[in-house]
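The values are calculated or read from the model by the stated rules, or taken from the named source; none is laboratory data. Note that the coordinates shown come from a computational prediction; the quantities given were computed from them, not determined experimentally. Heads up, the Cβs are rebuilt from the backbone with ideal geometry, glycines too, and the neighbour counts pull from every protein chain shown. For accessibility, only protein heavy atoms count, side chains too; no ligands or nucleic acids. Shrake-Rupley method; radii C 1.70, N 1.55, O 1.52, S 1.80 Å.
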Amino acid sequence: MEVAALSPTSSPLPLLSTAPVHRLHLLPPRFVSGRRLRPSSRHQGVGCVKDGWGQRHSARKNCFFVTSSSSASVEPATQEVGTAVPREWSGDAIRRRFLEFYAARGHKILPSSSLVPDDPTVFLTIAGMLQFKPIFLGKEPRRVPCATTSQKCVRTNDIENVGRTARHQTFFEMLGNFSFGDYFKKEATAWAWELATKEYGLPAERLWISVFEDDDEAFNIWHNELGVPKERIKRMGAEDNFWTSGATGPCGPCSEMYYDFYPERGSSDADLGDDSRFIEFYNLVFMQYNKKDDGSLEPLKQKNIDTGMGLERMACILQKVPNNYETDLIFPIIEKAASLALVSYAKADDAMKTNLKIIGDHMRAVVYLISDGVLPSNIGRGYVVRRLIRRVVRTGRLIGIRGDGHENPEGAFLPSLAEVVINLSTQIDPDVKSRRKSIIAELQREELRFVQTLGRGEKLLDELLDEALLSAGNNGNKPSLSGKDVFLLYDTYGFPVEITAEIAGERGVTVDMKGFEIEMENQRKQSQAAHNVVKLSVGNETEIVKSIPDTEFLGYDSLYATAVVKGLLVNGNPVNKVSEGSEVEILLDRTPFYAESGGQVGDNGFLYVNGGEDRKQTAVIEINDVQKSIGNIFVHKGTIKQGSVEVGKEIDASVDVKLRQGAKAHHTATHLLQSALKSVVGSETSQAGSLVAFDRLRFDFNFHRPLSEEELIKIESLVNQWIGNATHLETKVMALQDAKNAGAIAMFGEKYGEEVRVVEVPGVSLELCGGTHVSNTAEIRGFKIISEQGIASGIRRIEAVAGDAFVDYVCARDNYMRRLCSSLKVKAEDVNGRVDTILEELRATRNEVSSLRSKIAVLKAGSLASKATTVEPQNVRIVVENMGDVDADALKSAAEYLIGTLQDPAAVILGSSPGDGKVSLVAAFSPAVVKMGLQAGKFVGGIAKLCGGGGGGKPNFAQAGGRKPENLPGALEKARAEIVAAVSSSPS
């Protein structure tokens, strides 16, 4: 195998990292504890040059491939676009060989975790080490001594660089091997060297190493044990080669492997930061210290290894292609997009290739995000998906894809691209194919919805251009679109700035590109702050739990237990004793209290402290919440009602039986509800969140439309049928994979280990769930849906009651109905008909009143015509009046009457205060006044602002409103002055 060249990149902007998380991603950009950062290439991906503050950017002219021979010659890449990839170096093969290499050395191959991390401090999964963060911090026990993964990751900072650089991606896979106190530097470096030189065939003489400047141990391993010459090992400072998780916490030196493209330049004065010569391809983090508050370093009891290598990066090298996009991991998607656009990638210019790369990259991201349950919306992670989808749609339209790219101009093209991604997903995430139907449906809905948004954007652009031309004509300036308007079109309506500039240019309007770049930079900073931070910390809470084992949960079998107080916290700080009246958090060795998880709220109840041989009660603590903390430790939160409690004391724990029964009924009802939903509306619907409370349940699910009344009745009937069947529930603990093979459904938000608890309602429901449930469905008693509504795009919510809450709800509604029947003097079955009759009578009365008000307003307006003021030089007749308390419709009728009565040119501005703190305004301009450049919509909108409101309309007629009737007289006076001034200055 030969080594081939990478093409130069066109953008001097930061690249996306595919290495493990390091300082740049864990702390605010450029500074750590007041120290300025100089990010190294391990943060930015491979191939970089430095800017003014040490940032590295892609600018490589040549990237090379190697043969398995140590004397391989260096040649430029010769592989043509679209050439079949040798099976030996396919993306799947590279991934498999990495994982098998470490599996053969005792590592457990673990699956990629979800793109939605369990860690609430992290927006999306951005690194391979993220799923192991609690283990690295000592918050959870290790399940295996060492592991290897290929982790799917998403990063969206600097999204505009995608397609413009060789390796900047939003979605990528990170290969990694991890040790949790098992092996350390010696083994990690030896295996990394063997992987690079033997498994992937990189010539040893082309490999350079960087180590932390004080890490003599790593230096000696590389030199003395692995034979790397001293001149090819560089000692580098903390900014480059010392990883920290934050101001405090786990940290340690790094060691990196670099490939030398030009060894003939020699080792004298060689700079690993010279990206025209070197490329970093493997990073090793030696997590061996804990940084304390005073800045000192203490050795960790458990030393860990965290490494990373980008799969797309290695595929780029081994497949002899100039960039990550042309590997077999992404290029099939690009080829499909090119075919839909009726273009050839090989013959395309740079701009076209960039757009096709954007589509290829973003489609991978959106398919995997949707598969992991992140649906398009306007908030949080959903906004990331929506933004990426809109970028693909507008980019596709920009390169000429119309409709579905085939024969249907009204269709969507994203499903065709998603099919390619799904077909490539087998070795990345096998669950994607099983979710194909829902992924395709969601993409189709979102694309068609956005196409409509684009149509509204086109209309807005026309309005903005009209306004720019009119404003320039009035002021004598050159017409221009502001940067904020251009950004609004880009960000909200999906208009590429190039299209906006082109359309504006055709109409003689310039675009404020500087202002647009400022808006883009503001958004970029917000994105970086929100999406690229992982916090690791070791605080007081960690210290107290180091000596406390996991809490033994007894609550499946008993609601009472004797336990020992293992720890006390007040305001997060550990204490030995807490007295009456204090809020306290109590850690026990065992408990019957359920801690909030899987949507189910924590139990309530009491803890009783007993003293002496007679076990006389000496203290009472009321527990109002229970949460899981670090690892599996239960934190009982409550108030000391009597006496005091000390660490080491024995207590009696008692769960509130009635509340627990309510939670059990609602939790089992939630499982039945999910099964009923799948039965009635389709199996593709899935849970998106839940709340299991004592008095109600809430179930969020993925669905694209409201449920009909008939569907809700069917769902409710099914659940009540299953309740009435009095079916015994079965629970068992089994291997996670066995549970999945049996068809068990995972509950949203739940974290699962290798063994899981499975709750089954035979013939109805089978779910992975750690919550508490009734033993027989008959205990639920009944089920009633209270509401069904949309809470976000593609997300619906059902609220319902069961158990005692169901009985209370039905009884309360029956009482309401009895009172209503008494008031209407009808039977319950006749209530609907009687209400319909009353509503019809009310509508008729309102219409009659509105008609009379309009007639009265017109009569009032008749007397105003004689009061019209004539303004020179064009003899414009003007009426500006306060019409008292007439409503908006009557005010409109009066204005229409006046403008029709007065001779052209004429202008009418009327206002009223119809009550309830409201203001109504209307402006009507005759054709001659409109020709003078005046617009009723803009005029009345400005006046309405004085009354705390706004509005607008057409140039000849417009309405507005407000909330400050006390300002109406002054607003009308201003209106009179402005309209007189405007028509007076208009040339005759």
> In square angstrom, what is the accessible area per residue of region 304-459 with a 1.4 angstrom probe?
Replying inline: 35
>> Show me, for region 233-240, the HN-Hα J-couplings you get by feeding each phi into the Karplus relation (A = 6.51, B = -1.76, C = 1.60, θ = phi - 60°), rounded to Hz, glycine and proline as x.
In response: 10, 10, 8, 10, x, 5, 5, 9
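Sort 736-746, 404-414 by packing, meaning the average of other beta carbons within 10 Å per residue, with the highest value first.
Ranking, from highest mean packing down: 404-414, 736-746.
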> Quick one: length gained pulling Gln302 to Tyr556 fully straight, 0.36 nm per residue minus the C-alpha distance?
Replying inline: 88.0 nm
>> What lysines does Lys577 reach when the alpha-carbon gap must be under 24 Å and sequence neighbours fewer than 8 apart in one chain are set aside?
In response: Lys546, Lys566, Lys616, Lys628, Lys637, Lys641, Lys649
>> Just to confirm, what accessible area per residue do you get for region 729-844 at 1.4 Å probe, in whole Å²?
In response: 56
> Rounded to the nearest 20 Debye, what is the dipole magnitude of region 335-478 about its Cα centre when Lys and Arg each give +1 and Asp and Glu each give -1 at the C-beta?
Replying inline: 300
> What's the FRET efficiency of Glu799 with Ser268 using the Cβ-Cβ distance as r and R₀ = 51 Å, to the nearest 0.05?
Replying inline: 0.10
>> Using amide H atoms built in the peptide plane, which far-off residues or other-chain residues are under 5 Å from Glu140 H to H?
In response: Ile135
> When ligands, DNA and RNA are left out and all protein chains stay put, how many square angstrom of accessible area per residue does region 624-680 have with a 1.4 Å probe?
Replying inline: 33
> Within region 169-301, how many lysine pairs that are 8 or more places apart, or on different chains, have C-alpha atoms less than 22 Å apart?
Replying inline: 12
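Order the peptides 295-307, 167-179 from the highest to the lowest mean number of other Cβ atoms within 10 Å of their residues.
167-179, 295-307
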> With +1 on each Lys and Arg Cβ and -1 on each Asp and Glu Cβ, how big is the dipole of region 778-931 about its Cα centre, in debye rounded to the nearest 20?
Replying inline: 140
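What net charge do the residues around Ile358 carry, taking every other residue with its C-beta under 11 Å from that of Ile358, with Lys and Arg at +1 and Asp and Glu at -1?
Neighbour charge sum, excluding Ile358 itself: +3.
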> Considering only Gly790, Ile943, Ala188, whose Cα is most displaced toward the positive end of the charge dipole of the chain, charges sitting on Cβ of Lys, Arg (+1) and Asp, Glu (-1)?
Replying inline: Ile943
>> Using the Karplus curve 6.51 cos²θ - 1.76 cosθ + 1.60 with θ = phi - 60°, what ³J(HN,Hα) values do you get for each residue of region 569-586, in whole Hz, with x for Gly and Pro?
In response: 10, 10, 6, x, 9, x, 9, 9, 8, 9, 10, 3, x, 8, 7, 9, 10, 10
> Want the number for Asn847 to Lys616: 0.36 nm per residue separation, take away the alpha-carbon distance, what's left?
Replying inline: 75.6 nm
> Which residue, chosen from Ser377, Leu297, Ala504, occupies the Cα position most advanced towards the positive end of the dipole of the chain, where the dipole is computed from +1 (Lys, Arg) and -1 (Asp, Glu) charges on Cβ about the Cα centre?
Replying inline: Ala504
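Ignoring everything except DSSP H segments at least 4 long, calculate the 222 nm mean residue ellipticity for the chain; use -39,500 (n - 2.57) per segment, divide by total residues, nearest 500.
That comes out to -11500 deg cm²/dmol.
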> Taking the Cα centre of region 411-491 as the origin, how large is its charge dipole in debye, to the nearest 20, when only Lys and Arg (+1) and Asp and Glu (-1) carry charge on their Cβ atoms?
Replying inline: 280
>> Tell me the net charge near Glu710. Cut-off is 14 Å between Cβ atoms, Glu710 excluded, with +1 for each Lys or Arg and -1 for each Asp or Glu.
In response: -2
>> So if each residue of separation counts as 0.36 nm, and I subtract the Cα-Cα distance between Asp695 and Lys867, what length gain in nm does that give?
In response: 55.3 nm
> Hey, with R₀ at 56 Å, roughly what FRET efficiency would Val810 and Asp216 work out to, going by the Cβ-Cβ distance, to 0.05?
Replying inline: 0.15
> Taking Lys678 as the anchor, which lysines have their alpha carbon closer than 30 Å to its alpha carbon, excluding any fewer than eight residues away along the same chain?
Replying inline: Lys152, Lys433, Lys437, Lys664, Lys714, Lys732, Lys740, Lys751, Lys784
> Using the beta-carbon distance between Asp830 and Glu711 and R0 = 35 Å, what value does 1/(1 + (r/R0)^6) give for FRET efficiency, to the nearest 0.05?
Replying inline: 0.80
> Which value in nm describes the separation of the simple spin-label points at Ile518 and Asp118, placed 7 Å from the Cα toward the beta carbon?
Replying inline: 4.6
>> Among His636, Val983, Ile359, whose Cα projects farthest towards the positive end of the dipole of the chain, with charges put on the beta-carbon of Lys, Arg (+1) and Asp, Glu (-1)?
In response: Val983
> Counting only protein heavy atoms, what percent of the accessible surface of the chain is carbon or sulfur at a 1.4 Å probe?
Replying inline: 49
> Which whole number of Å³ per residue matches the convex hull of the alpha-carbon atoms in region 144-194?
Replying inline: 114
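Looking at the square roots a ≥ b ≥ c of the eigenvalues of the Cα gyration tensor of region 782-877, which shape do they give, rounded for a/c under 1.5, prolate if a/b is larger than b/c, or oblate?
Oblate, since a/c reaches 1.5 and b/c is not below a/b.
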> Using a cut-off of 21 Å between alpha-carbon atoms, which lysines can reach Lys825, once sequence neighbours fewer than 8 places away in the same chain are excluded?
Replying inline: none
> For the chain, what is the convex hull volume of the alpha-carbon atoms per residue, in Å³?
Replying inline: 231
>> Within 13 Å, Cβ to Cβ, of Pro299, how many net charges do the neighbouring residues add up to if Lys/Arg are +1 and Asp/Glu are -1?
In response: +2
> Roughly what would the spin-label model give for Asp466 and Ser276, points 7 Å off Cα along C-beta, in nm?
Replying inline: 5.6
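So how do 273-280, 387-394, 898-905, 552-559 stack up, highest first, on mean other-Cβ count within 10 Å?
Result, highest mean Cβ count within 10 Å first: 387-394, 273-280, 898-905, 552-559.
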